[in-house]
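Every number in this text was worked out from the coordinates using simple rules, so none of it is lab data. The shown structure was predicted, so the numbers you read here are calculated from the model rather than taken from an experiment. As a convention, Cβ positions derive from the backbone with ideal geometry for all residues, glycine included, and neighbour counts pool all protein chains shown.
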Amino acid sequence: MRIYLDNSATTYTDPEVLQAMLPYFTEVYGNGSSQHFFGREALVAIDKAREQVAAAINCRPNEVYFTSGGTESDNWAIKGIARAHSKKGKHIITSKIEHPAVIKTCETLEREGFEVTYLDVDSEGFVDPGAVEAAIRPDTTLISIMTANNEIGTIQPVREIGAIARAHKIVFHTDAVQAIGNVDIDVVRDNIDLLSMSAHKFYGPKGVGVLYKRNGVKAERFMDGGEQERNMRASTLNTPGIVGLGKAIELAVRDREANNARIRELRDAFVAKVNASIPDVKLNGALDFDRRLPGNANYSFKYIEGESILMRLDLAGIAVSSGSACSSGSLEPSYVLLSIGVPIEMAHGSIRFSFGKSNTMQEVDYTVDKLQKTVEFLRELSPLFKNVQGEQRYV
Amino acid sequence: MYNQKVMDIFANPQHMGFIEDNDGVGKVGNAACGDIMEISLKIKDNVITDAKFRTFGCAAAIATSSVATGMVIGMTVDEALKLTNAKVVEYLEGLPPQKIHCSVLAEEAIKAAIENYYERSGKKPADGDKEIKYV
Ligand SMILES: Cc1ncc(COP(=O)(O)O)c(C=O)c1O
Ligand SMILES: [Zn+2]
């Protein structure tokens, strides 16, 4: 048995995407910046991908900058805006549950003398747009709030936040790495000035991403070197990756509703079965499933530790991820779970199940069965657990 | 990241549970890591005749609990006090570096259980104070 329930970590490359990419490794291998026909052929493919991205998020093709992935896009967006606008001010607003690609970047800027407000989120992981507005100062130059959270799946009120940023003439960036293909995004309607994405999260290849930057928004370049990407991002363009990203986003947007409906059905069945068959669990994240990524189910299992759950599911052929300290190699359990108020011992016992378009209902049933046995086994083993006359409680 | 030996022991841990009529119990925890380990001992004529564990923790913590309890059964109390996490890790053919601190708990839990045995039986500790982190 090999069941993949870690689609938020990465997805497989869709066969149709792979097919589209293949000629660009072997036949059409020119450098997209070369003037000769080898280069021009590559450039045609790159420009097509640029249009595919533009159509997917409703921007202009020349607002699309290809990068090496979500991390680079986040780094570039935040450092590039903060540094380019530092004469106006040095204050940034973000949230406590952003991806490390955003948080660590903000921390670097703090060491350079910038000030960052990390907004609290509520118990389901929502940023309050009112709190964003209240945090704005005369020296605020950037608001960066993710579209959807990678651990708990909460989808932020990006449109409201975008409207606030626009009203105050502050640049708005959103990390949409988890959202592309899952959430309806329109950078014009939602007032988004910059947006990060990463192809491998939507059935494209790894190591390629996009930063969308609205024309007219001033940003520093990030990679110094050649004059690629309108002199904003140096390095020879990754033609096969870019072609794959373009194809993947086209498919993701075309099939979004059908995929979401299917994936959501699996996730909802999983949640219903877990809630019915395993006592003392807590579903973390948005409880209104219309405001949650369709494939995400993040659970805390009382009395037991997440990595041991993960490893026993691994032994059963099920791949998931955990927010426990011991699986991340850090000493603290997930800061996202702590930020939504999950008690520390329960944060240690948390697992993220993320469903994707190739999962099946049989896999859901098998997983619930193994999960139930795993939880029972580990609770028997736990010094925190006592089954007192059928009533489970901490001891 | 875990080797096959660790995975095998984690898949089938031995000596799980709690000795109700124990002669010593030690419960130690590393809240930072999220591991809590409890070891109960049965001791007769200064020899450990049985040992069981209950662990809230990662695969490394569970595997080291299983190995450490297995190792001390049959040892004298003094021998068990000399069991180090290095010996447990050696038996496991290594642990990932970030997991070594989880293995320290097994050593600490056994020492805490023996300390508890000394306290309850009125016997004197073999060698002075031990640094033990109780929960
Ligand atoms: C929300 C979010 N932002 C950024 C990233 C980083 O993307 P990449 O690893 O492709 O650079 C990820 C990937 O885990 C993510 O989930
Ligand atoms: Zn551990």
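Residue exposure proxy: B:111, B:99, ordered by other Cβ atoms within 10 angstrom of their Cβ from fewest to most, comes out as B:111, B:99.
Anyone know which of B:70, B:29, B:122 comes out most mobile in the 10 Å Cα GNM of chain B? Checking each option, the largest mean-square fluctuation is seen for B:122.
Classification of region A:181-251 by its C-alpha gyration tensor yields an oblate form. The axis ratio a/c (a ≥ b ≥ c) is 1.5 or more, and b/c is at least a/b. The long axis of helix B:59-72 is offset from the longest Cα principal axis of chain B by roughly 40 degrees. Here A:161, A:103, A:78 are placed in order of increasing Cβ neighbour count within 10 Å, fewest first, which gives A:103, A:161, A:78. Candidate cross-link partners of residue A:218 among the lysines, defined by an alpha-carbon separation under 24 Å and a same-chain spacing of 8 or more, comprise A:79, A:87, A:88, A:90, A:104, A:169. With a 10 Å cut-off around each Cβ of A:372-378, the average count of Cβ atoms from other chains is 1. When the Cα atoms of the protein assembly as shown are aligned to their principal axes, the ranges along those axes come out at 87, 50, 44 Å in descending order.
Using the structure shown, select from A:386/B:44; B:42/B:111; A:48/A:206; A:373/B:99; B:5/B:52 the pairs with a Cα to Cα distance greater than 22 angstrom.
On the way: A:386/B:44 28 Å; B:42/B:111 14 Å; A:48/A:206 19 Å; A:373/B:99 25 Å; B:5/B:52 20 Å.
Table pairs above 22 Å Cα-Cα are A:386/B:44; A:373/B:99.
For helix A:256-277, what angle does its Cα long axis make with the longest principal axis of chain A, in degrees from 0 to 90 and rounded to 10? Tilt of helix A:256-277: around 20 degrees.
Can you tell me the equivalent ellipsoid semi-axes for region A:1-125? Use √(5λ) from the Cα gyration tensor, largest first, whole Å.
On the way: eigenvalues 241, 109, 33 Å².
Whole-Å semi-axes of the equivalent ellipsoid: 35, 23, 13.
For chain B, modelled as a GNM whose springs connect Cα atoms under 10 angstrom apart, the maximal fluctuation among B:113, B:51, B:11 occurs at B:11.
The modelled label-to-label distance between residue A:9 and residue A:344, using points 7 Å beyond Cα along the C-beta direction, is 2.6 nm.
Computed from the Cβ-Cβ distance with R0 of 60 Å, the FRET efficiency linking residue A:128 to residue B:76 stands at 0.45.
Shape of region A:144-219 from its Cα gyration tensor (a ≥ b ≥ c, root eigenvalues): rounded if a/c is under 1.5, otherwise prolate when a/b > b/c, or oblate? Please list the in-between numbers first.
Details: a/c = 2.33, a/b = 1.42, b/c = 1.64.
Oblate.
Assuming R0 = 60 Å, can you tell me the calculated FRET efficiency for the pair residue A:230 and residue B:7, based on Cβ-Cβ distance, to the nearest 0.05?
Working: r = 51 Å, r/R0 = 0.85.
That gives a FRET efficiency of 0.75.
With a simple spin-label model that places each label point 7 Å from the Cα along the Cα-to-Cβ direction, the separation between residue A:223 and residue A:361 comes to 4.6 nm. Measuring spread by the Cα atoms of chain B yields a radius of gyration and Dmax of 13.8, 45 Å.
I'd like the FRET efficiency for residue B:16 and residue A:188, computed as 1/(1 + (r/R0)^6) with the beta carbon distance as r and R0 of 45 Å, rounded to 0.05. Mind showing how you got there, number by number?
Numbers: r = 60 Å, r/R0 = 1.33.
That gives a FRET efficiency of 0.15.
The C-alpha atoms of chain A define a longest principal axis, and helix A:70-84 lies at about 60 degrees to it. Evaluated with a Cβ-only charge set (Lys, Arg +1; Asp, Glu -1), region A:15-254 carries a dipole of roughly 700 debye about its Cα centre, given to the nearest 20. How would region A:1-61 be classified by its alpha-carbon gyration tensor: rounded, prolate or oblate, with rounded meaning a/c under 1.5 and the a/b versus b/c comparison settling the rest? Because a/c hits 1.5 or more and a/b fails to exceed b/c, region A:1-61 counts as oblate.
Relative contact order for chain A: what is it in percent, counting Cα pairs under 8 Å that are at least 6 residues apart? Display every interim value, and only then the final one.
Values: 812 pairs, mean separation 82.5, N = 395.
Reported relative contact order: 21 percent.
Largest GNM mean-square fluctuation across B:21, B:78, B:35, computed for chain B with C-alpha springs under 10 Å, falls on B:21. Structural size metrics of region A:94-211, computed from C-alpha coordinates, are Rg and Dmax of 13.8, 42 Å.
When all alpha-carbon pairs of region A:15-254 are counted, what percent fall beyond 32 Å? Provide the component values of the computation, followed by the final result.
On the way: 5276 of 28680 pairs.
Cα-Cα pairs in region A:15-254 separated by more than 32 Å: 18 percent.
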